[in-house]
């Protein structure tokens, strides 16, 4: 009898257009993009994920490459070490190429440089209105994120210091407001 009543109640709610299950809004989806997805973009993704978890934001993040190299898929060791000091582990990240699914399903696509932005727009013109450089989106400035690849640890520290406020501002801007 209880099961029959539940079915009838559910049917009545559906007829009236009232859902008995409350669904949460879809998360905002951010893609961070750089050259090989082994340095800046994976670091930005990790910083954003830490902020999202700490603040319980309804945001999802990924990172991708514009020039994926199948022989260089692991994160740069200096970024791994720097983020580990912050309690963030990116050691198991594997680089992935940016493609049509990322262009279609991302709400915001944040690139590290104007060249990365131009690549995304050239390959996925329908995404042009949601592609920005990270600094452009976060601060409305024309500033490229420096590339530390192959440089000494101090340069990686400089890039991390550049990324931290930009990523925080970008996540805050993109996150749904309560």
Tell me the mean residue ellipticity at 222 nm calculated for the chain from its helices only (DSSP H runs of n ≥ 4, each -39500 (n - 2.57), averaged over every residue, nearest 500). -14000 deg cm²/dmol
The chain: relative contact order in percent, alpha carbon pairs under 8 Å with at least 6 residues between: 24
In nm, to one decimal, how far is the residue 54 label point from the residue 161 one, both placed 7 Å along Cα→Cβ? 1.8
Which residue fluctuates the most in the chain, going by a Gaussian network model with Cα springs under 10 Å, if the choices are 41, 106, 63? 106
Working from Cα positions, state the angle (0 to 90°, nearest 10) between the long axis of helix 114-123 and the longest principal axis of the chain. 50
For the chain, find the longest principal axis of its Cα atoms and tell me its angle to the long axis of helix 40-55, 0 to 90°, nearest 10. 40
Modelling each spin label as a point 7 Å along the Cα-to-Cβ direction, I'd like the residue 81/residue 169 distance in nm, to one decimal. 2.9
For the chain, with a Gaussian network of springs between Cα atoms less than 10 Å apart, report the residue from 139, 38, 113 with the top mean-square fluctuation. 139
Cα-projected label distance for residue 153 with residue 71, points at 7 Å along beta-carbon direction, nm: 2.9
I want to verify a result. In a Gaussian network model of the chain, Cα cutoff 10 Å, which of these has the top mean-square fluctuation: 134, 166, 110? 166
Find how much the distance from residue 129 to residue 107 grows on full extension, using 0.36 nm per residue of separation minus their present alpha carbon separation; answer in nm with one decimal. 7.0 nm
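Bear in mind these aren't lab numbers, they're just calculated from the coordinates by the rules spelled out. If you're wondering where the values come from, they're calculated on a predicted model, not measured in any experiment. So basically every Cβ, Gly included, is an ideal-geometry build from the backbone, and we count neighbours across all protein chains shown.
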